[in-house]
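Asker: Below is a structure I'd like to ask you about.
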Amino acid sequence: MFEISNLYKSFKKNQVLKDVSLSFENGIYGLLGPNGAGKTTLIRCMVNLYDINKGVIKFNGLSIDNNDEFLSNIGYLPQKFGLFKELTAYENLKYFCILKKINKDRMDDEIKDCLKAVNLEDRINHKVSTLSGGMIRRLGIAQAILGKPRIIIFDEPTAGLDPEERIRFKNILTQIKKDRLIIISTHIVEDIEASCDRIIIMNDGRVLKSGSAKEIKSAAIGKVYGEKSKLKPTVEDGYMCIIKRI
Amino acid sequence: MDVRLIYYDFKNLKVYYFIPVLIIFLFIPVLSIGMVKIYGIEIAHIMIFREAEKYIPIMSAWWTTFIFREYIEGDGNELLYCVNKRGKLKAFQIVFIFLWYILHVSIVFLVGSIFWNNILAEFIKTVIQCFFFTSSLYMLIYTLKSTTISFMILLIYELFSLFINSEITHFISIFGDNGTLIMNIIGSKSLVVLFISIVFFVIGVYKNKRFY
């Protein structure tokens, strides 16, 4: 469904992405890597924000470049979200409905459904500036799922959120994951180890490993606690072994 | 590009929206009435336009500055550039905001035309000056990636042009010289200003395309 082949991206002389190739089907994918690994750049290439230097990104077999079908099928939540703070939650989402070219007759229902999905229906007429940080993030999620896109990309969705909001985010994920591809970029292992079907580990602009949580854990067997230890490696152990190339 | 987006852009300004409106429809008329009362309707004519020139052109950059704060510095502004590839170019918004401002200004000039002749020439000169500030701002915000610094640069330029009396400021100033006939200003200076404004606008489009 969504495919990245031999992707290269540089900013002047700084090569940020180096030969990235990935393939996605429906499900939840976790993009894991330390700060500066190239996750945000990869995501910005995926949402057609950056022009790529080399390689191709395809959606349903067609390049995403100027692909209207792709643009209407993608939802994106950037690292920071807090636009139009003087508008109400309803007006804010309506702005994005117009941007996404959602049919005028469907707009109100779409907005109400999305606000309900993120548990903000009682804040529909509240100004964004009066919402808490967690609520603004949930409004961002609502914005991303407007128009029922088939691909949803979250960039560091839980950064700065308290434990309650993190749990709420995981609940929202389970609600919206059906028949969709969801990509979550993060550097926090616990955010994705339970909810993701596959984990992609990136560092220094390259994909180091892609696999299930079990496969990631297996990379640490015998390397962290010793061959004879009864302690079983965690995803975090596997992740550290992969990025440190132990 | 959908006009409804600009409606929400304006709505998001809240009280900031009314600053140019107050200056155009309250400050300038009050100033004009005061001058007419002191100097008489004929003598006040030139003085009113000389004073209006200090406020009307720079105010054309006001709405663009505050609206584009979201587009340039807003948290998650990339959403406004990736939702629709064609929507990446914000030149339409710039032109629409400029025309909306000119519509307001034209009402003042329309009222002025009841009392004075040669208003059309003054209006053309003012529109070109407004376009200069708008296109300069468009170029600056996408070059410097800061709306506040861009507006400050324009403000400093205006203060330099109006209040520093030197060869250089006379040369770089877009404002009318005292004693020069309005038709001469339009025929020479305003045409050059218009050309420079178009060049700035084109640079703005280029920088806008490369913003992300």
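The values are calculated or read from the model by the stated rules, or taken from the named source; none is laboratory data. Model, not experiment: these values are computed from the prediction. In this analysis, Cβ positions are derived from the backbone assuming ideal geometry, glycine residues included, and neighbour counts consider all displayed protein chains.
Asker: If you check every pair at least six apart or on different chains, which have Cβ atoms under 7 Å apart with a residue in the stretch B:103-117 that is more than 15 Å from B:ALA52 (Cα to Cα) and assigned to a helix (DSSP H, G or I) first and a residue that is of a type outside the set (Asp, Glu) and modelled with pLDDT of 95 or more second?
Answerer: Matching pairs, first to second residue: none at all.
Asker: Moving on to the next point. Please return the ranges of helices (runs of 4 or more DSSP H) entirely within the stretch A:65-128 where 1 or more residues are hydroxyl-bearing (Ser, Thr, Tyr) and crowded, with 18+ Cβ neighbours inside 10 Å.
Answerer: So the answer is A:89-99.
Asker: Where in the stretch B:37-86 are there helices (runs of 4 or more DSSP H), lying fully within it, with 2 or more residues that are surrounded by 19 or more Cβ atoms within 10 Å (Cβ to Cβ) and more than 9 Å from chain A (Cβ to nearest Cβ)?
Answerer: Correct list: B:41-59, B:62-73.
Asker: Could I ask something else about it? Looking for something more than 12 Å from chain B (Cβ to nearest Cβ) and modelled with pLDDT under 95 - is there at least one such residue anywhere in the stretch A:93-105?
Answerer: Residues of the stretch A:93-105 more than 12 Å from chain B (Cβ to nearest Cβ): A:103, A:105.
Okay, now just the ones that are also modelled with pLDDT under 95, so A:103, A:105.
For the stretch A:93-105, residues more than 12 Å from chain B (Cβ to nearest Cβ) and modelled with pLDDT under 95: present.
Asker: Also, I was wondering about something else. Here are the criteria: (1) more than 14 Å from chain A (Cβ to nearest Cβ); (2) of a type in the set (A, V, I, L, M); (3) free of Cβ contacts under 8 Å to residues at least 40 places away in the same chain. Tell me which single one B:VAL15 does not satisfy.
Answerer: Result: B:VAL15 passes all but (1).
Asker: For the stretch A:138-161, give me each residue that is touching a residue at least 60 places away in the same chain (Cβ under 8 Å) and of a type in the set (D, E, K, R).
Answerer: Of all residues in the stretch A:138-161, those touching a residue at least 60 places away in the same chain (Cβ under 8 Å) come to A:140-141, A:143-147, A:149-157, A:159.
Scanning the stretch A:138-161 gives A:ARG150, A:ASP155, A:GLU156.
Asker: Being modelled with pLDDT under 85, in a helix (DSSP H, G or I) and hydrophobic (A, V, I, L, M, F, W, C) is the filter; apply it to the stretch B:169-192 and report the residue that is nearest to B:PHE132 (Cα to Cα).
Answerer: B:ILE172
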